Amino acid sequence: MISVPGVGSGLDINSIVESLVSAESDAKTRLLANRRSGISSEVSAFGSLKSIVETLRTSAAKLANPATFTAFSASSQDTSYFTVEATAQASAGVYDVEVRGLAEQHKLLSPGYSDANTDVGFGIMTISVGSDSFDVEIDSENQTLNDIRNAINDAQDNTGVSATLLTVDDGTGGTLTKLVLTSNETGADNAITVTVADDDGNNTDGSGLSAFYYDTADATTPEQMTEINEALDAELYIDSQKVLSGSNTVTDVLDGVTLNLAKAETGVINKLTISPNINSAKTAVESFVTSYNAFINQVNSLTAYNAETGVGGVLLGDATLRTLSNSVRIGVSSSLPGLSNEFRNIVELGITSTANGTLQIDQAKLTEALNSNSADVATLFSADNGIATGLSNKLNEYVRTDGIFENKTESLNDSIEDIDDDLEALSLRMEALESRLFAQFAALDQLMSQLNSTSSFLTQQFDQISQITQSRSRR
């Protein structure tokens, strides 16, 4: 800020200029600042509103999905034998399930060696899992039991076998180390076969790599490895019908049903029960009502008006919010025209409006509707012209990228930028005005200083003349 002391005039020029500039700028600055603050509040209001509308859209989309009303629950009479899961593709029913055998992984055990660093032999091992096979080349520099284990596990084309080393008591106070081969998957189709091309020229004699020979398809040649776990399919009976499965997770027997087998016991039969699950639909309806009420409460807050204080909500009178609010209220409360359905509006489900526009649920009536005719409840919400379908589509227009909310917010932010430009321009104008006023007052101060000097000179001259005149008159 420029400073002019006002020496010549004796005026407080700084205060005078400050007052003149303030008189010119304060009202305009307050007006622009108030407008900016109000628009910023609108931006924040639309931000919070968008979040609530997105939650409402999500809950409406859940109700618009027919699968919400076709969910099933499944239960096992004894979960120690099997557990069960059901999807929307399941059908209600009760089944007798007997688990006679679990699927098993194939496991083979080699002869014993003094330790993991014992040289075994070299050549090529061909390991098969079912119809798939891969080769493991063992060279003379890396032929220990440990090397062979690593070569099998590291083979990039390994078709599903894991190799481990097992150290056991040899019965005489020492230990032996053995190679264990285990199929990664259960089932008879994942049985392991091992053939070799041994460096000693004999591929089945148990010496060198031949110690790992195992091929039950060749009945004339004895296996060198020992089967410690047979490759087995799970065996179960559903309503006395035999089912074989390569996995203990059985998914292809009953549509939409997965059985997870845990224990087998011949002769033990447990009930498998599949029934409609209205809890899923009920929870979705409750979630929708909760999010709808949050939306209405937010709208009521943003558009409120206090007659005593004369203060209105941030978005009172906003056309975007008014249009949205009307669309949502009408979409939820209207009866669907031309709908051949037991239920034509949400009131018939026990969902009614309160005095402030929110919804309340008669839980008993809603439960009765879902139990008696969940299909028609689903149609009311999820048909092409259903309540939730229409509402979800409408709300998506507001919350999607480049949607109504985004465009509205961008417009408000543009207005804020315009006000910022106006404030900056006003500040520049006031700086120029201040400089101009200081220049004018500086000139005035200089002029008054000159006038004061002239006045002093004349006063002195007049005093001298007066003194001369008085002196002459005394003579």
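Quick check: is even one residue across the stretch 323-335 in a loop (DSSP other than H, G, I, E, B) and closer than 19 Å to Ala60 by Cα?
yes
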| request: Under 7 Å between Cβ atoms, at least 6 apart or on separate chains: pull out the pairs that start in the stretch 358-382 with a residue that is in contact (Cβ under 8 Å) with a residue 40 or more places away in the chain and end on any residue that is of a type in the set (D, E, K, R) and in a helix (DSSP H, G or I). | output: Ile361/Glu286; Leu366/Lys282; Thr367/Lys282; Leu370/Lys282
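Quick check on the stretch 183-202: of everything there that is touching a residue at least 40 places away in the same chain (Cβ under 8 Å) and among the polar types (S, T, N, Q), which residue is farthest from Asp132 (Cα to Cα)? Before the answer, list the steps.
Looking only at the stretch 183-202, we keep the residues that are touching a residue at least 40 places away in the same chain (Cβ under 8 Å), and these are 183-200.
Checking which are among the polar types (S, T, N, Q) leaves us with 183-184, 186, 190, 193, 195.
Working: Ser183: 12, Asn184: 13, Thr186: 15, Asn190: 9, Thr193: 10, Thr195: 13 Å.
Out of the qualifying residues, it is Thr186.
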| Boolean, Ala211 is within 30 Å of Leu380 (Cβ to Cβ), aliphatic (A, V, I, L, M), touching a residue at least 24 places away in the same chain (Cβ under 8 Å) and in a helix (DSSP H, G or I) | no
| field | Residue, least open to solvent (accessible area, probe 1.4 Å), within the stretch 312-322, restricted to residues that are assigned to a loop (DSSP other than H, G, I, E, B) and of a type in the set (A, V, I, L, M, F, W, C) | value | Leu315
| In the stretch 356-404, which residues are among the charged types (D, E, K, R) and closer than 16 Å to Phe343 by Cβ? | Asp362, Lys365, Glu368, Asp376
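Residue-wise test of (1) open to solvent by less than 30 Å² (accessible area, probe 1.4 Å); (2) out of contact with any Gly (no Cβ under 8 Å at 6 or more places or on another chain); (3) among the aromatic types (Phe, Trp, Tyr); (4) within 23 Å of Thr221 (Cβ to Cβ).
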| residue | (1), (2), (3), (4) |
| --- | --- |
| Met125 | yes, yes, no, yes |
| Val129 | yes, no, no, yes |
| Asp132 | no, no, no, yes |
| Ala191 | no, no, no, yes |
| Thr195 | no, yes, no, yes |
| Leu209 | yes, no, no, yes |
| request: Check the stretch 254-266 and report whether any residue there is β-branched (Val, Ile, Thr) and closer than 15 Å to Ala74 by Cβ. | output: yes
| Restricting the search to the stretch 71-98, which residues are among the β-branched types (Val, Ile, Thr) and either open to solvent by 60 Å² or more (accessible area, probe 1.4 Å) or in contact with a Ser or Thr (Cβ under 6 Å, 6 or more places away or on another chain) (or both)? | Thr79, Thr83, Val84, Thr87, Val94
| said: Need the failing condition index for Glu265 against (1) open to solvent by 60 Å² or more (accessible area, probe 1.4 Å); (2) of a type in the set (Asp, Glu); (3) part of a strand (DSSP E or B), just the number. | reply: (3)
| query | Exactly one of (1) modelled with pLDDT of 95 or more; (2) aliphatic (A, V, I, L, M); (3) outside any helix (DSSP H, G or I) is unmet by Ile148. Its number? | reply | (3)
| query | Which residues, taken from the stretch 240-262, are open to solvent by 40 Å² or more (accessible area, probe 1.4 Å), among the β-branched types (Val, Ile, Thr) and either in contact with a His (Cβ under 7 Å, 6 or more places away or on another chain) or not in a loop (DSSP other than H, G, I, E, B) (or both)? | reply | Thr249
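The values are calculated or read from the model by the stated rules, or taken from the named source; none is laboratory data. In this text the structure is predicted, and so the values were computed from the model without any measurement. Positions of Cβ are generated from backbone atoms using ideal geometry, with glycine treated the same way; all protein chains shown enter the neighbour counts. The protein model used for the area step is the full one, side chains on, heavy atoms only, and it has no ligands, DNA or RNA in it. Shrake-Rupley method; radii C 1.70, N 1.55, O 1.52, S 1.80 Å.
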